[in-house]
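> Take a look at the following structure, please.
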């Protein structure tokens, strides 16, 4: 017959659960460290930007309830909020206003920022192609 390479032997000795074959059937496990990391990112981002406002996005079939922080220049970041209470708590801790995006919509400065970034990316791509 034939022998397996040493690395393949180790792989074949693992159980199915170690290989993650059935991970898709397990309920999602979002650990506390992930929530803490998201909260830390939002706090850090808010302290590094000026004129920050929070916009709470509803839970969908694909994503949990999220919070979008938008700075005065339109730059933004989005992370899971840890539920409605987590979004309110974050706003209180940071001293920033919290809005429901379904009621007030996204700020125009956010759309303007995205449009500026899109233009900058196209220019950079054109310049890169012109250099060739």
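> Over all distinct Cα pairs, what is the inverse of the mean 1/r for region 82-132, reported as the Kirkwood hydrodynamic radius in Å?
That comes to 14.0 Å for region 82-132.
> Here's another thing I want to ask about it. Seen from all sides and averaged, what is the projected area of the convex hull of the Cα atoms in region 27-131, in nm²?
On the way: hull surface 35.1 nm².
Approximately 8.8 nm², given one-decimal rounding.
> If the chain between residue 92 and residue 63 were fully stretched, how many nm would it gain, using 0.36 nm times the residue separation less the Cα-Cα distance?
My answer for the length gained is 8.1 nm.
Just so you know, all these numbers are worked out from the coordinates, no wet-lab data involved. Since the structure is predicted, the reported quantities are computational estimates derived from the model, not experimental observations.
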